[in-house]
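Please read the structure below before turning to the comments.
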2 protein chains.
Amino acid sequence: MPVGLPPSQVSSSCFLWTLPGGLRVAFERRAGPGFAFDLRLPHGSAHDPRGQEGAAGMLEEWLFKGAAGRSARALQDAFDDLGVRRSGGVGPEATRLGASGLKDDLGAALALVADVLLRPTLPEAELPVLKDLARQDLEALEDSPADRLALGAREAAFARPAGSVLAGFAHPASGTLQGLAALTAAGLRAHLEGYGQAGSVLGLVADLEPEAALDLAVGALGGLRSGSCPQVEAVFQPRVRVHLADADAEQTHLSLTAPGVAPTDPRWLPWQVALSALSGGSASRLFHAVREERGLAYAVSASPVMLGGRGFLTAYAGSTPARAPETLQVMLAELARLPRGLSAEEFRRARAGLSASVVFGAESARARAHALTRDVAVFGHVRPLTELRCRLAALTLEGINGFLEDYDPASALTTVTLGPEDV
Amino acid sequence: MPVGLPPSQVSSSCFLWTLPGGLRVAFERRAGPGFAFDLRLPHGSAHDPRGQEGAAGMLEEWLFKGAAGRSARALQDAFDDLGVRRSGGVGPEATRLGASGLKDDLGAALALVADVLLRPTLPEAELPVLKDLARQDLEALEDSPADRLALGAREAAFARPAGSVLAGFAHPASGTLQGLAALTAAGLRAHLEGYGQAGSVLGLVADLEPEAALDLAVGALGGLRSGSCPQVEAVFQPRVRVHLADADAEQTHLSLTAPGVAPTDPRWLPWQVALSALSGGSASRLFHAVREERGLAYAVSASPVMLGGRGFLTAYAGSTPARAPETLQVMLAELARLPRGLSAEEFRRARAGLSASVVFGAESARARAHALTRDVAVFGHVRPLTELRCRLAALTLEGINGFLEDYDPASALTTVTLGPEDV
């Protein structure tokens, strides 16, 4: 970084500031007519109070039911008047409020999101309707084997830390039937008190002078309350085996979860290369062994998941009941041979694929704003694209294989299956 | 268009050429390190020979099982070596082969796709495996109520034209069990003879001189055989009512289909504005009436669908069995009041939303290459973004409402429901 630049500048186009109240603002200047921002609050479904599962999901819906004197309808109309597209939602780790639109409307869009967060109406009459919608979403999840499997896998793989008052990772953002029934207006209002600058990040992409971007962010969100940044540990349960019976399912679905590498660990990129060789392209190991060579499953994949500041490997396949045992066996074998390392060609391919995906993942302003926010929240700093590509280029086969020697996900695997019969 | 420019130039950055063999090449020059292309062949699942449902889907898989002396594995490795990401697949109307990557690899990626299309190995031993995978995909569709509903809706709404030898719109790309059983190597090879320059379009986005882009396209695909461009009419069946019983479903799913406006019709954009007011944003009519006011359904939407050169309105909602009848009633009421027109505010919002979506839809090179291809194939010409935004800006409330006076989708609606009991 050139000497003399203010510490806020992390590359020629990327900036990171911390407001006095704690909110971090990551900005990337980019030519183009549009803007996108993504405000990430560190309150996801995992931080729902135990027994009030669904709190974060319900709160996110409730916040938009009117703000700063506007009715719910007027608020929605105000967003639509700007032609902005809202984004965001509630995941296990965070609630995200975002918008994208044309540059002249950035200030107004930020002001609307600030109204929602700082001056919401929170009309109590809406709560029964919102609970009903959340229950409908839970019913829809019941109709989706893949969603049921994913939830079952989280429940099996991640235990709630003993004594924690937070609900953890085993329920969807819409909550649970019991949790929804227990939610009250007062409880949700108290939960909202935690939504503030602590641990929150605003990612912003627009063609603006950095000072102008900072001014807009401070003007809209500088007055946000302090809030809190609760932590939920992702305590992995190794070697759990669960079968979820579904007599009517045509398919058998398989989910594997294993420990991985934390985003802040220097081995993060080597791990990404290994995962890419495992599941990144049409020549990847899982795709080839399960689908191309044996025709065992129409869909098979593995991917990294970040929870509670850690990284985990998850793998999925959908197969026939008759072929599920062999599918599982082949997937296990592929994981078990990871410690033997990649070939030079696999390494080169996996790295080329990751390098290209860095370029393409940043094309959309909306995706880039989200990546900025995630970088700061999960990796602790902004990762400029050029730096990321340089670091990928600097990786060596020896480095990857040195890492893999000690990486044996198969030995700790937790396996959840769903289908008409046990696998 | 300035006088003196070659007829190939359609805007400052867009070009359209027709090769001697008939292939049309649409190119957009765009700064950036990446390229994307999308080759659209006018052979989709609707063009499967009757009784051989699944032919296009199977052929697309088979093509990648080796080409130009490369084994399947070597071909996949060659794509992965370039770090390119393949895209495409088989839809009702077309087979698409595409790739994106870094600019220096464009020529090699185009050459690989040309190999696949012009010099495929088509190993017969792979067919049983591919049939198996297709059957697995059909089983997975059985487990997905939303997918079953969508297929049921196509079957109810679109009759196969009497006497047609083509299968039409009522089956998925993976085919049918009977169709898959009937597929033979010889039959598929004969089907492939139709895949050529006739009716095909290459969309290409890269930072290249137009002449260089054209040279690359001609070099790779100029030798493609003539091929054929079969037509399947989308013959809409109005006022059909079908219920698909699913005793185990937790939810009831609703699908509505109605006539719309053809892409080549001057009323296309007014129709898009009306659909956007119906279902475009959080203030849209369907979202507001079904979800926000009454909490009847977690998800509700309407969107345009283009089939056989025509346009159709489709709407979807997922509700509880108890609330499905009211959900259907409210959706019908919203469609029935379209002829009374939009308010000035609704018009302004819908247009602002569409205008912003034009900007954001073009951000990704991959999405833009696909849009170029679709523009030429479906709209008959390239629609430069600036022109599209100008045409949106020129629309008036009077124009939209004049169109809507004669647009009454509710009167012809075909309705398909799926759930534990009839609606």
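Values quoted throughout were computed directly from the atomic coordinates according to the rules given, and no laboratory measurement underlies them. Fair warning: this is a prediction, and the values are worked out from it, not measured in the lab. Note that we place each Cβ from the backbone using ideal geometry, even for glycine, and neighbour counts take in every protein chain shown.
Values for this structure:
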quantity: Average beta carbon contacts from partner chains per residue of A:276-285, 10 Å cutoff; calculated: 4
quantity: Whole-Hz couplings from phi, Karplus 6.51/-1.76/1.60, listed for the range B:231-239; x for Gly and Pro; calculated: 10, 10, 6, 9, 8, 6, 9, x, 6
quantity: Low-density loop positions, GluC sites (Glu not before Pro), the range A:271-337 - DSSP coil, at most 13 other Cβ in 10 Å; calculated: A:Glu293
quantity: Shielding by other protein chains, B:70-82, mean Cβ within 10 Å; calculated: 5
quantity: Calculated label separations, B:Ala111, copies of the chain, 7 Å along the beta-carbon direction, nm; calculated: 5.7
quantity: Of A:Ala356, A:Gly44, A:Ala162, farthest towards positive along the dipole that unit charges on Lys, Arg, Asp, Glu beta carbons give chain A; calculated: A:Ala356
quantity: Least to most buried among A:Ser364, B:Ser255 (fewest other Cβ within 10 Å first); calculated: A:Ser364, B:Ser255
quantity: Choice from B:Gln52, B:Gln231, B:Gln178 with maximal GNM fluctuation in chain B (Cα, 10 Å cutoff); calculated: B:Gln178
quantity: For chain A, share of DSSP beta bridges that run antiparallel, in % to the nearest 5; calculated: 85 percent
quantity: Distribution of pairwise C-alpha distances over the range B:238-419, 10 Å bins, in %; calculated: 9, 34, 34, 19, 3, 0
quantity: Within chain A: Cβ-based charge dipole about Cα centre, in debye rounded to nearest 20 (Lys, Arg +1; Asp, Glu -1); calculated: 820 debye
quantity: Inter-copy separations for A:Ser355, label at 7 Å along Cα-Cβ, nm, ascending; calculated: 4.2
quantity: Two-decimal log10 I(q)/I(0) for chain B, as the Debye equation yields it once each C-alpha is a single scatterer, q = 0.10, 0.12 Å⁻¹; calculated: -0.77, -1.09
quantity: Alpha-carbon gyration tensor eigenvalues x 5, square-rooted, for the protein assembly as shown, Å; calculated: 38, 34, 31
quantity: Sequence of B:Asp248, B:Asp406 once ranked by neighbouring C-beta atoms within 10 Å, starting from the fewest; calculated: B:Asp406, B:Asp248
quantity: Directionally averaged projected area (convex hull, Cα atoms, the range A:14-221), nm²; calculated: 12.6 nm²
quantity: Dipole of the range A:14-221 [Lys/Arg +1, Asp/Glu -1 at C-beta], most positive-end residue of A:Gly89, A:Ala68, A:Leu183; calculated: A:Leu183
quantity: Dipole magnitude of the protein assembly as shown about its Cα centre (Cβ charges: Lys, Arg +1; Asp, Glu -1), debye to nearest 20; calculated: 1200 debye
quantity: Kirkwood Rh in Å, taken over the range A:242-342 so that all alpha-carbon pairs contribute; calculated: 14.2 Å
quantity: Taking the convex hull of Cα positions in the range A:186-268, its mean projected area over all directions (nm²); calculated: 12.1 nm²
quantity: 3J(HN,Hα) from dihedral phi, the range A:168-182, Karplus parametrisation 6.51/-1.76/1.60, rounded to Hz, x for glycine, proline; calculated: x, 9, 8, 9, x, 4, 6, x, 10, 4, 5, x, 4, 4, 7
quantity: Highest-fluctuation residue, B:Ser87, B:Ser45, B:Ser282 considered, GNM on chain B with Cα pairs under 10 Å; calculated: B:Ser282
quantity: Top of A:Val261, A:Val330, A:Val205 by mean-square fluctuation, Gaussian network on chain A, Cα under 10 Å; calculated: A:Val330
quantity: Spin-label pair B:Ala74/A:Val165, simplified geometry with 7 Å Cα→Cβ offset, distance in nm; calculated: 6.6 nm
quantity: Estimated FRET transfer efficiency when R0 is 30 angstrom, pair B:Arg348-B:Asp408 (beta carbons, to 0.05); calculated: 0.80
quantity: Average other protein chain Cβ within 10 Å of Cβ, residues B:366-373; calculated: 1
quantity: Inter-site label distance for A:Glu326 and A:Asp265 at 7 Å from Cα along Cβ, in nm; calculated: 3.4 nm
quantity: Value of Rg to Rh for the range A:17-110 (Rh from inverse mean 1/r over Cα pairs, i.e. Kirkwood); calculated: 1.01
quantity: GluC sites (Glu not before Pro) within the range A:162-238: DSSP coil, no more than 14 neighbouring Cβ in 10 Å; calculated: A:Glu193
quantity: Estimated inter-spin distance, B:Ala394 and B:Glu211, nm [label 7 Å along Cα→Cβ]; calculated: 3.4 nm
quantity: At 7 Å out from Cα toward Cβ: B:Gly223 inter-copy label distances (nm, ascending); calculated: 7.0
quantity: Most positive-pole-ward Cα, B:Leu313, B:His381, B:Ser276, against dipole of the range B:269-423 from beta carbon charges; calculated: B:His381
